[in-house]
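Below: one structure, written as structure tokens.
The values are calculated or read from the model by the stated rules, or taken from the named source; none is laboratory data. All values derive from a computational prediction rather than experimental measurement. Cβ sites come from the backbone with ideal geometry, for glycine too, and all protein chains shown count toward neighbours.
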2 protein chains.
Amino acid sequence: MYENLAIVGATGAVGRLIRQLLEERKFPYKTIKFLATKRSAGTEITFNGETHIVEEMTPESFKGIDIAIGSTPDEAAAEFAPWAVAAGCIVVDESGYWRMKEDVPLVVPEVNPEAIQNHKGIISSPNCSTTQMVVAMKPLHDAAKIKRVVVSTYQATSGAGVVGEEDLVEGAKAVLNGSDYEYKAFKHQIAFNLIPQIGGPKYEGYTSEEMKMVYETRKIFGDESIQVCPTCVRVPVTNCHSESILVETERPISAEEARELFEKADGITVVDDLGAGEYPMPKTCTGKNEVFIGRIRKDISCENGLTFWCVSDNLRKGAATNAVQIAELLVRSSAAV
Amino acid sequence: MYENLAIVGATGAVGRLIRQLLEERKFPYKTIKFLATKRSAGTEITFNGETHIVEEMTPESFKGIDIAIGSTPDEAAAEFAPWAVAAGCIVVDESGYWRMKEDVPLVVPEVNPEAIQNHKGIISSPNCSTTQMVVAMKPLHDAAKIKRVVVSTYQATSGAGVVGEEDLVEGAKAVLNGSDYEYKAFKHQIAFNLIPQIGGPKYEGYTSEEMKMVYETRKIFGDESIQVCPTCVRVPVTNCHSESILVETERPISAEEARELFEKADGITVVDDLGAGEYPMPKTCTGKNEVFIGRIRKDISCENGLTFWCVSDNLRKGAATNAVQIAELLVRSSAAV
């Protein structure tokens, strides 16, 4: 039984959402504690009607804890996860640090729930831009085997944290008032502009964010033959990442078949009526836990291609929701034993 | 000799830019007149230091005119162009009405200047999203024959006219103030949002804007075998369209070769240093006449693929600049005779 929980990075934007989701989804637990780095320790938070003081994370914090859900910067995750594992606690980690390590399953519950069984104490949740894409790919891959993906992203500023959201709002005010604003999360003005770079240079002109979409996708599907060509772009949208996705499959899939597959799939909501002006948009998908798909159509440039538009709340399914779903999987699997 | 000019739709956003470009580029002329529909007739404008009154366009307006540059809605173009042709005037038309008609060359001077010779009185300038893409495609197509293009656009609100720009500014103010705003050019909120639809449903789930990128590209290159899969998205950016473009060529092109080809090509400026955070962005490309290219890299999902990011001022190269360049071609070709 997993009944003693810790939330690490409890005061961040994703940490706050994790707390909210645990309440909403009535996550079962006996005890819960909230941890953070020294800077945020001491913060008072309310959870399920009770007041808690956020504690500074130390090796001792994890004694007696069964599951720790972490949403911290990479450096903090590199530090706390081994403490937790040493204390016999299973870590569900949202950071980038553990995702590609051998022996660390990278899990999206709609795609590869079975992978959690192979954990050695740490289970990773993928990067936001990967998660919504693999949820969308899953039913198509099962039906017709995806060989190649071409994806262009339209990523919200909340992906760069609270400071990213602030940059957009304050930057937009400055443009509209004709005043100056110094950006904190971004290298360039993001208000009324686009920045075709997320992360630093990583491989052959691709950024780290782009290569995450390549490596993580292969790891999640357990298929090194899936080819991915990503372009990641920051757009002046506060929340929800959008992706223009083209997949090529081993056998052709019609738009009608794809729509049926998407409609039956776990975690996907289809919104697709072009004539009526209905398709997923950041404004309509924010605050929701699913992956939304629209503009489903045959790729008219390739027999075996299919293209569609995919939007999801990057702080929820792209982060908090997926981590909580992994923890739920753990709880269910322990109940089944 | 072409020495008597008319500017039709002289008071619109593109019309204003055409006037400005004719001044800047010292376009040669003896007489010039400014025409518009009844609604805008009577407006006073200054051109090369002289005051002109905008006249209502009628069949008589085109008597003695050699070249008419038109930037009007489709219905107005359908009406005035035959009047002009009947009067012996050559029309350079920016509207969508004539582009795909047989006997009407569709011209981008960097790509198919020779096509102007086949005109029967009307020469069309392509849709903004097509123009910048074909300029970018040209050197690659010449070097290695493009077989397929996958493109996702990030299109500015100025593409929907002055009302589109206003919608973004007023809509953004409303969001920031917590007040309401009724959008005029767009079906949905565009401020801090994305709309994955430009134009109405046209073919198999693709919009009219998307199919323009297919049909116009084939016509401009005179190659019906070029396959194009477009996704057109409106983004909360005031001016400059951006495009994430992937091309597949008959023989592979390396990123280095592509960079050299782009650097030597007419009308293209390469801005490509990811490590230094340098790439084209709407904010840095607005007010410029060229097509800007960055993020040049091998498609890591396909041997013969190449991918890059392309930004251009949709009101300039996407409209006014291209039309003025066509008129300059006409003037040069008549001088050569």
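Worth a mention:
- When residues of the range A:195-207 are limited to those that are touching a residue at least 12 places away in the same chain (Cβ under 8 Å) and more than 8 Å from chain B (Cβ to nearest Cβ), the one surrounded by the most Cβ atoms within 10 Å (Cβ to Cβ): A:198
- Subset of the range B:255-286 that is touching a strand residue (DSSP E or B) at 6+ places or on another chain (Cβ under 6 Å) and loosely packed, with under 15 Cβ neighbours inside 10 Å - its residue that is nearest to residue B:145 (Cα to Cα): B:263
- Meets criteria (over 30 Å from residue A:278 (Cβ atoms) and more than 9 Å from chain A (Cβ to nearest Cβ)) for residue B:272: no
- None of A:324, A:235 is touching a residue at least 60 places away in the same chain (Cβ under 8 Å) and assigned by TED's automatic domain parsing to the domain that holds residue A:10 except A:324.
- Of all residues assigned to the range A:161-174, none qualifies as being under 24 Å from residue B:239 (Cα atoms) and either part of a loop (DSSP other than H, G, I, E, B) or under 15 Å from the mean Cα position of the chain (by Cα) (or both).
- Selection within the range A:275-287 - charged (D, E, K, R) and either in contact with a His (Cβ under 7 Å, 6 or more places away or on another chain) or at the interface with another protein chain (Cβ under 8 Å from one of its Cβ atoms) (or both): A:283
- The range B:239-263 residues that are basic (Lys, Arg), paired with ones that are in a helix (DSSP H, G or I) (beta carbon under 6 Å, 6 or more apart): B:251/B:144
- Check on residue A:216, surrounded by 24 or more Cβ atoms within 10 Å (Cβ to Cβ), within 20 Å of residue B:194 (Cβ to Cβ), in contact with a helix residue (DSSP H, G or I) (Cβ under 7 Å, 6 or more places away or on another chain) and away from every other protein chain (no Cβ under 11 Å): no
- Sole residue being out of contact with any Cys (no Cβ under 8 Å at 6 or more places or on another chain), of a type in the set (D, E, K, R) and within 29 Å of residue A:241 (Cβ to Cβ), chosen from B:142, B:167, B:103: B:167
- Residue in the range B:21-32 that is in contact with a Gly (Cβ under 7 Å, 6 or more places away or on another chain) and surrounded by 13 or more Cβ atoms within 10 Å (Cβ to Cβ) present: no
So that you can scan it fast, the table gives a plain yes or no per residue for (1) basic (Lys, Arg); (2) surrounded by fewer than 24 Cβ atoms within 10 Å (Cβ to Cβ); (3) not assigned by TED's automatic domain parsing to the domain that holds residue B:217:
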site: B:80; (1), (2), (3): no, no, yes
site: B:83; (1), (2), (3): no, yes, yes
site: B:88; (1), (2), (3): no, yes, yes
site: B:93; (1), (2), (3): no, no, yes
site: B:109; (1), (2), (3): no, yes, yes
site: B:135; (1), (2), (3): no, no, no
site: B:147; (1), (2), (3): yes, yes, no
site: B:152; (1), (2), (3): no, no, no
site: B:162; (1), (2), (3): no, yes, no
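- Number of positions in the range B:288-337 that are among the small types (Gly, Ala, Ser), in contact with an Asp or Glu (Cβ under 8 Å, 6 or more places away or on another chain) and within 14 Å of chain A (Cβ to nearest Cβ): 3
- Qualifying residue in the range A:35-50 (condition: free of Cβ contacts under 8 Å to residues at least 12 places away in the same chain and either within 26 Å of residue A:317 (Cβ to Cβ) or in contact with a Phe, Trp or Tyr (Cβ under 7 Å, 6 or more places away or on another chain) (or both)): yes
- Residues being within 17 Å of the chain's Cα centre (by Cα) and either among the charged types (D, E, K, R) or away from chain A (no Cβ under 13 Å) (or both) - total across the range B:236-268: 4
- Members of the range A:157-170 found to be without any contact (Cβ under 8 Å) to a residue 40 or more places away in the chain and more than 20 Å from residue A:231 (Cβ to Cβ), listed by number: A:163, A:166, A:167, A:170
- Under the condition of being under 22 Å from residue B:154 (Cα atoms) and of a type in the set (Lys, Arg), the residues counted in the range A:174-207 number 1.
- Residues (more than 25 Å from the chain's Cα centre (by Cα) and either part of a loop (DSSP other than H, G, I, E, B) or of a type in the set (S, T, N, Q) (or both)) located in the range B:20-40: B:30, B:31
- Flag if residue B:192 is at positive phi and surrounded by 19 or more Cβ atoms within 10 Å (Cβ to Cβ): yes
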